[in-house]
Structure formats: structure tokens, C-alpha cells
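**Q** Mind having a look at this structure? Questions to follow.
The values are calculated or read from the model by the stated rules, or taken from the named source; none is laboratory data. This one's a predicted model, so the numbers in the text were calculated from it and none came from an experiment. Cβ atoms come from the backbone with ideal geometry, glycine included; neighbour counts cover every protein chain shown. For accessibility, only protein heavy atoms count, side chains too; no ligands or nucleic acids. Shrake-Rupley method; radii C 1.70, N 1.55, O 1.52, S 1.80 Å.
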Amino acid sequence: PTAKYFLLGLLLTAMPPSSSERECLRDTFVSQNGWFGATTTALQPDASFRRYFRLERAGVSAMLMDAPPMHEQITPFITIAHHLNELGLVAPEIYHHDKNNGFILMEDFGDNTFTQLLNARTNETNLYRSAVDVLIRLQKNPAAIQINVPSYNRQTLIDESLLMPDWYYPAVRGAHVTTRIRQDYIDAWHQVLDHLPALDPTLVLRAFHIDNLIQVNRGDVAGQCGLLDFQDAVIGPPAYDLMSLLEDARRDISPESVESMLRHYLSSMPDIDPDLFMSSYHVLGLQRHCKVAGIFTRLATRDAKPAYRQHLPRVLKLMSLRLDHPLVMPIREWFDQHLPEVPNRESIT
């Protein structure tokens, strides 16, 4: 009996707190850090387990991140936010944090995300250029990689791309991918990554797109490009974040803007071979679109977030365009055999 009660105690300890318990923890953290009595407004949730709340009191505001420790860790966000600010970029200042319970009180950048500004018809070229300028400043700074974050290595790239056969494939085929077909996909990616151009690595923010960029007025400088989502940053290929920005899963970007931003970036980075960079851009683009197609399918099916289905046609079209590049022919052959409608997506969307 003693052993039984001991095991039951361990089980109860490991169980996540209920929503009401979580709310009590959150209120305690807020009160203990000087925001007792503040008006709390929940922001629209994103694709993660994190939740965000705006605290307002006497004309002053702050942002509260609620990241349940069983699903999210806040230490990377805190570490990378500090690093980015040290590099002269604009990430939220961290006021207080509770790593054990997963709470952060931080600077509130307001509501002028690039998504909102573009919806309000703010000049597309100016906004995207300011975002590209952030990448240029980041990648030109040799101190950018002086941080202890994981490497965006081959295994990670392949593991992410497997979200395509593991989630998208069964959703459209009505059956799980077989072991043989899945292994053929892995083998094809190994062949492709054998020829991925080796460019000097940089800090890759990984979630660099307009939903995570915001116009910030900090101090005497107005209109700076602030960064909101970077806790999954890695050391990896410089083409990744630019590709993530210009091949957005959630928004169509004019071809003219894409070409203009690519020219601006490459002209500002004379030490990078343009041909090698664009080859890397194509390969990483395909990898990201495979990953995102799987993520959006998983969100829609497993996590009951059907709104993500609306973006799948755009992701599949972008994937189709990347499948035409000579470097990715092994992946193209896999799709031709197992998901032949994807390479022809441009003609059917």
C-alpha cells in the first residue's frame, strides 16, 4: 500500500496544473512583480502552446508570456532576447521571469506587426526592406554566432522535413506512410543535402516572417523592426531566414518585391557567392515547405485548428516551384512516385 500511494503521489506531481491552477500561478507571478491590479487582455493564440497577455495600468503596459513548462521552455527566449539586444537588434527587454513555472514579463512592442501594417496597406517594399536590413546587420556581425544554441545540422533538417510524409501524406492518402516509402524519402534528402552549398554559418532565427516582425518606436528612434519569435534559433545557413521571409506560408508577396529584396540582400553581402546562396535558398525552401505543410496539417487534424488548412494551397505551390530545381531531383522523384499532384500544384491552384 505504501508503494502504491508513493507512485500515486509521483503521478499527481507529474500531472500538469488545471487551467484554474495555471491562472492562479499566473496571477501570483504578476502580483509579485509589481503589476497587481493591472488590466489583463489575452492576445490571439499562435501555433504554439504559449499564450500572451497584455497588462495595462496607469497608461503603462507590459507583455506577459505564459509558457507551460511541460510543453515550452522559456530559457532560450530569455537568452536569445538578451543576445539580440546586445547585437544592436530590437528584441523585447525582459523585466521578470519565472523559469520553473514558465512566465515572462517583458517589454510590450504594441500592435504594429508587419501583418497588421500590410493589411492596412503600408508600403510593402519599405517594410520588407527593413526586415532584410535586420538580417544583413545580424549576419554581418561576427558576434552573432557567439551564443550556445543548437546547430541546424543535417539530422535536424531531415527530421523537420519528415513532417511531410508523417502528417500530410496520411491526410491525403488516408493511410500512414509505409516504412519503405518513408525511408526512400529520408534517403532522397540525404542525397540532396550532400550537395547543399557550404556557406559560413550564422544565427538563424527560424521564424522570421511578417507575423513575428513588428514596427517599434524605442527611445528616439521610430519605426525600427522589432523581433518577436526567436526562441528556436540555431546556428545554420544564412539563406534560411531570408527564404522564410520571402516565401511566406501565410501571405502572397509580389514577385517584384521578392526580386528586389534578393538583390538588396546580395548586394549588401559581397562576401557571399550569389550562385551558391541561391542554390542553398532553393534547397532550404523545399525543406521548409515540406516541414510547414506537415505542421499545418497536424495543427488542423490533431490540434483542432482547422484555420491552418487555408494556407496549405500556398505552401504546396511554393513547394512545387522549389521541386523544379536540379539540386532537389531525388525529392522530386519521390513526389512524382508517391504524391504526384504536388509537383503539378501550380497548374491546379
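**Q** Rounded to the nearest 0.05, what FRET efficiency do Ala58 and Thr122 give with R0 = 30 Å and r taken as the Cβ-Cβ distance? Could you check?
**A** Between Ala58 and Thr122 the formula returns 0.45.
**Q** How high is the relative contact order of the chain? Use alpha-carbon pairs under 8 Å, at least six apart in sequence, and give a whole percent.
**A** Across the chain, relative contact order equals 15 percent.
**Q** Which residue, Asp229, Asp66, Asp275, has the most motion in a Gaussian network model of the chain that connects Cα atoms within less than 10 Å?
**A** Result: Asp275 has the largest fluctuation of those listed.
**Q** So, one more: Restricting things to alpha carbons, find the Rg to Rh ratio for the chain using the Kirkwood radius for Rh.
**A** When Rh is taken as the Kirkwood radius, the ratio is 0.99.
**Q** Where nothing but the Cβ of Lys and Arg (+1) and of Asp and Glu (-1) is charged, how large is the charge dipole of the chain around its Cα centre, in debye to the nearest 20?
**A** Once rounded to the nearest 20, the dipole reads 840 debye.
**Q** Give me the net charge for the shell around Leu87: Cβ to Cβ below 11 angstrom, other residues only, Lys and Arg +1, Asp and Glu -1. Working shown, then result.
**A** Values: positive: Arg137, Lys140; negative: Glu86.
Here the count lands on +1.
**Q** Which Rg and Dmax, in Å, describe the Cα atoms of the stretch 214-289?
**A** So, for the stretch 214-289, Rg and Dmax equal 14.2, 41 Å respectively.
**Q** Could you tally the net charge around Thr28, taking each other residue with its Cβ under 13 Å from the Cβ of Thr28, Lys/Arg +1 and Asp/Glu -1?
**A** -3
**Q** Work out the length of the dipole vector of the stretch 238-310 about its Cα centre, built from +1 on the beta-carbon of each Lys and Arg and -1 on the beta-carbon of each Asp and Glu, and round it to the nearest 20 debye.
**A** Rounded to the nearest 20 debye, it is 660 debye.
**Q** So if R0 is 22 Å, what FRET efficiency would His190 and Thr301 give, r being the distance between their Cβ atoms, rounded to the nearest 0.05?
**A** According to the calculation, E is roughly 0.20.
**Q** On average, how much area does the Cα convex hull of the stretch 20-125 cover when viewed from any direction, in nm²?
**A** Average projection, Cα convex hull of the stretch 20-125: 8.3 nm².
**Q** For the ranges 107-119, 308-320, 278-290, what's the packing order if you count other beta-carbon atoms within 10 Å of each residue, average per peptide, and put the highest first?
**A** Values: 107-119: 17.1, 308-320: 19.4, 278-290: 23.2.
Ranked by mean Cβ neighbours within 10 Å, highest first: 278-290, 308-320, 107-119.
**Q** If I take R0 = 25 Å and measure r between the Cβ atoms of Ser31 and Thr75 in this structure, what FRET efficiency does the formula 1/(1 + (r/R0)^6) give, to the nearest 0.05?
**A** Values: r = 23 Å, r/R0 = 0.93.
Once the sixth-power term is evaluated, E becomes 0.60.
**Q** Using the charge dipole of the stretch 184-244 (Lys, Arg: +1 at Cβ; Asp, Glu: -1 at Cβ; taken about the Cα centre), state which of Leu228, Val216, Leu193 has its Cα farthest towards the positive end.
**A** Of the options given, the answer is Val216.
**Q** Which helices count as membrane-span-like in the chain under these terms: full DSSP H, at least 27 Å along the axis by C-alpha, Kyte-Doolittle mean of 1.6 or more?
**A** Correct list, ordered by number: empty.
**Q** Could you tell me which residue out of Phe103, Leu117, Ala81 lies farthest along the dipole of the stretch 81-137 toward its positive end? Charges go on the beta carbon: Lys and Arg +1, Asp and Glu -1, centred on the Cα centre.
**A** Result: Leu117, furthest along the dipole toward the positive end.
**Q** Please list 132-140, 296-304 highest first by mean number of surrounding beta-carbon atoms within 10 Å per residue.
**A** In decreasing order of mean packing, 132-140, 296-304 become 132-140, 296-304.
**Q** Still on this model: If you place +1 on the Cβ of every Lys and Arg and -1 on the Cβ of every Asp and Glu, how big does the dipole about the Cα centre of the stretch 43-111 come out, in debye to the nearest 20?
**A** Numbers: 5 positive and 10 negative charges, 34 e Å.
With only Lys, Arg, Asp and Glu charged at Cβ, the dipole is about 160 debye.
**Q** Using just the helices of the chain, give the 222 nm mean residue ellipticity in deg cm²/dmol: DSSP H runs with n ≥ 4 each add -39,500 (n - 2.57), and the total is spread over all residues, rounded to 500.
**A** Numbers: 14 runs with 165 residues, N = 349.
Helices in the chain give a 222 nm mean residue ellipticity of -14500 deg cm²/dmol.
**Q** Please build a GNM for the chain, connecting alpha carbons under 10 Å apart, and tell me which residue among Glu256, Glu247, Glu56 fluctuates the most.
**A** Top of the fluctuation ranking is Glu256.
**Q** How large is Rg over Rh for the stretch 259-349, taking Rg from the Cα atoms and Rh as the Kirkwood inverse mean of 1/r across Cα pairs?
**A** Result for the stretch 259-349 is an Rg/Rh of 1.05.
**Q** Please report the carbon-and-sulfur percent of the accessible area for the chain; probe 1.4 Å, protein heavy atoms only, DNA, RNA and ligands left out.
**A** With neighbouring chains kept in place, the figure for the chain is 52 percent.
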